[in-house]
Structure formats: structure tokens, C-alpha cells
Amino acid sequence: MTQPVFRFAPSPNGHLHIGHALSALLNARASVALEGRFLVRVEDIDQTRCTPELERDMFEDLAWLGVPLDEPRLRQSEAFPEYRKALERLQDMGLVYPAYLTRAEIRRFVSEHEADGATWPKDPDGAPLYPGDTAVLSDAERQARAESDAPFALRLNMKKALERVGGPLSWQEAGAEGSALFDAPKEIAADPGAWGDLVLARKETPTSYHLSVVVDDARQGITDVLRGQDLYHATSVHRLLQDLLGLPAPRYRHHRLVLGEDGRKLSKSNGDTSLRSLREAGMSHQDLRRKIGL
Ligand code: GLU
């Protein structure tokens, strides 16, 4: 059997909170139990919000948690040429197009459409599916934007991408947290079409989360993706991109989320649940493990 490889892939755009601690510790525990490797990936493609100081703090927090990380570390901001190559492959297949509608224009289109009681389809995260430039802009306006310096997103033509794949996609989802590690995975049917024409890159940013995550999981040889339940539906997109780009599919397992007192998902703006503030308030890493049920 090949040695399992796990990863923890945080974005240093804020301080790590207890939800990240759960993910890092579950990965560490699984890699120890299966005698695997545990790699870290710094997801810092958003160069305006991710900073070297936050990255340094992140590694300090992980050291305090006692998470053993193997080398090498991968930093996404150093891998832009890799993502560009993957994007070019999709472009060569004729699956990518520049899309000029701004977020405000999409919002306006959707609210006008829904004004008389109709509903516009939303993706699994609740964002409206891209209506297409022709639904909103005149031919002249589209032409003018294409010839000007207007911002654009490079989107995947979902219909063509699904035609190219030609058949159903699925992934292996391993059992719940309490069950034996990665035993008896279930085959889950992927539904990438639910995401519509998703963004692969933007004029100023040569990649997106979805594109870089599949490229990097392959580059790092990840065999087992253990991450939060909030990314469950994103797995459909990842399977589609892996198939189009000829990349291997890891096994997946999505773990419970640590919710805030208000029952909502934690975010990096929940200052009081950041590992730093808990540590400064005197919490030990053993207390923290108990708090998150480990
Ligand atoms: N960077 C993502 C996050 O911080 C995790 C990505 C993944 O595990 O696929 O939520």
C-alpha cells in the first residue's frame, strides 16, 4: 500500500481559530495512525489579505498546538506558473471564457429576475449562478469591455466541461469521525453542474481556490483530503477539474465544524476564538483539545 499523505491547507488572511485547530489535529491524528506523512500548504493566493506576519503567527500557533508537520512546505504564491499551465490546458480545450459582469451587475440581474416571484438558481454556497454576459450586456457593450481595460473573470464553461467528461463523476467519502479511520468509504455522486460557470482566475489573480487546490493536491501527492464539512460540495468541482486535467483523485473525508456560540460557522473575524487569544487568556493546548472534543 502506498504511504498515505495528508495535508492542512490554511490561508494566512487572519489568525487560526479553533475550527482550524480541529482540522489540523484530526489530520495529525490520522497521519500518525496510518503511518502517513502530514504536509502543510499555505494558501496565500490572495496577496492583499495574506501577509508574512500572519503566516509566521500561523506556524507559531501550529507549534503551540503540537502538530507535527513534515517537509516540504508549499506556498501557493510561489506556484503561479503551475496554475497558469493548468488554466492554459483548460483554455486549449475551449472550456474557458472571459466574463465581464461585475458582482453588482449580477446582483441587479438576479433581483430583477426574482422581482415577479421567479427564482434564479444558486450554487451550493448560495451565490447566484452566472447568468452569462449576453443576458445583461448588449453586443456593443460586450465588445467595448473586451477592447478596454475592464476587469474580467475567466470562467469555466460548465456545459462544455460536462460534455467533455462524458459520464458521471464520483468520489470516495470515508466514514464519520468516530468510525475506524478511512474504513469503508462510500461512493458519492458528484454534481459539478450545481456550481454553474465558476471562476477559475481573474484579470489580476491568475488562479482561484478551486483550480489551485486540485493542482496542489496532485503536486503534493495528497492521498487523503480531510477537511471541514463546509467544503463538501466543493468536492464536486474538484473531481471535475481533476478529471479534465488528468490528475489523480484523493480520498475525501469531511469533518464536523466547530460552531460559534450563535450556532454559526466560525470566521477569522471571531477574534475571541482565535488560538492566540485563547492562549493569551491562559488556555493550554490540552484544554483546547478537550474544548473541541478530542
Ligand atoms: N484554504 C481553505 C481554508 O482555509 C482550505 C482548503 C481545503 O482544505 O481544501 O478553509
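The values are calculated or read from the model by the stated rules, or taken from the named source; none is laboratory data. Predicted model, so just to flag it, every value in this text is computed and none were measured. In this analysis, Cβ positions are derived from the backbone assuming ideal geometry, glycine residues included, and neighbour counts consider all displayed protein chains.
Miscellaneous remarks
- Tabulated pairs, the stretch 101-114, first hydrophobic (A, V, I, L, M, F, W, C), second in a helix (DSSP H, G or I), C-beta under 9 angstrom, 6+ apart or interchain: Leu101/Phe109; Leu101/Asp133; Leu101/Ala135; Phe109/Ala135
- Within the stretch 242-262, being in contact (Cβ under 8 Å) with a residue 60 or more places away in the chain and more than 12 Å from the ligand (Cβ to nearest atom) holds for Asp243, Leu244, Leu245, Ala249, Arg251, Arg256, Val258.
- When Asp61 is tested against (1) among the acidic types (Asp, Glu); (2) under 18 Å from the mean Cα position of the chain (by Cα); (3) within 14 Å of the ligand (Cβ to nearest atom), just one condition goes unmet, and that condition is (2).
- For the stretch 196-219, the criterion of being more than 13 Å from the ligand (Cβ to nearest atom), at pLDDT 95 or above, over 18 Å from Ala86 (Cβ atoms) and out of contact with any Phe, Trp or Tyr (no Cβ under 6 Å at 6 or more places or on another chain) is satisfied by no residue at all.
- Note on the stretch 210-251: residues that are in a loop (DSSP other than H, G, I, E, B) and farther than 20 Å from Thr2 by Cβ amount to 2.
Here is a yes/no grid of residues against (1) assigned to a strand (DSSP E or B); (2) away from the ligand (no atom under 16 Å from the Cβ); (3) hydrophobic (A, V, I, L, M, F, W, C); (4) without any contact (Cβ under 8 Å) to a residue 24 or more places away in the chain:
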position: Leu137; (1), (2), (3), (4): no, yes, yes, no
position: Gln143; (1), (2), (3), (4): no, yes, no, yes
position: Arg164; (1), (2), (3), (4): no, yes, no, no
position: Glu187; (1), (2), (3), (4): yes, yes, no, yes
position: Ala194; (1), (2), (3), (4): no, yes, yes, no
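- When Leu74 is tested against (1) closer than 28 Å to Pro248 by Cα; (2) of a type in the set (A, V, I, L, M, F, W, C); (3) within 15 Å of the ligand (Cβ to nearest atom); (4) surrounded by 19 or more Cβ atoms within 10 Å (Cβ to Cβ), just one condition goes unmet, and that condition is (4).
- The stretch 1-39, residues that are part of a loop (DSSP other than H, G, I, E, B), more than 13 Å from the ligand (Cβ to nearest atom) and more than 12 Å from Val225 (Cα to Cα): Met1, Thr2, Gln3, Leu34, Glu35, Gly36
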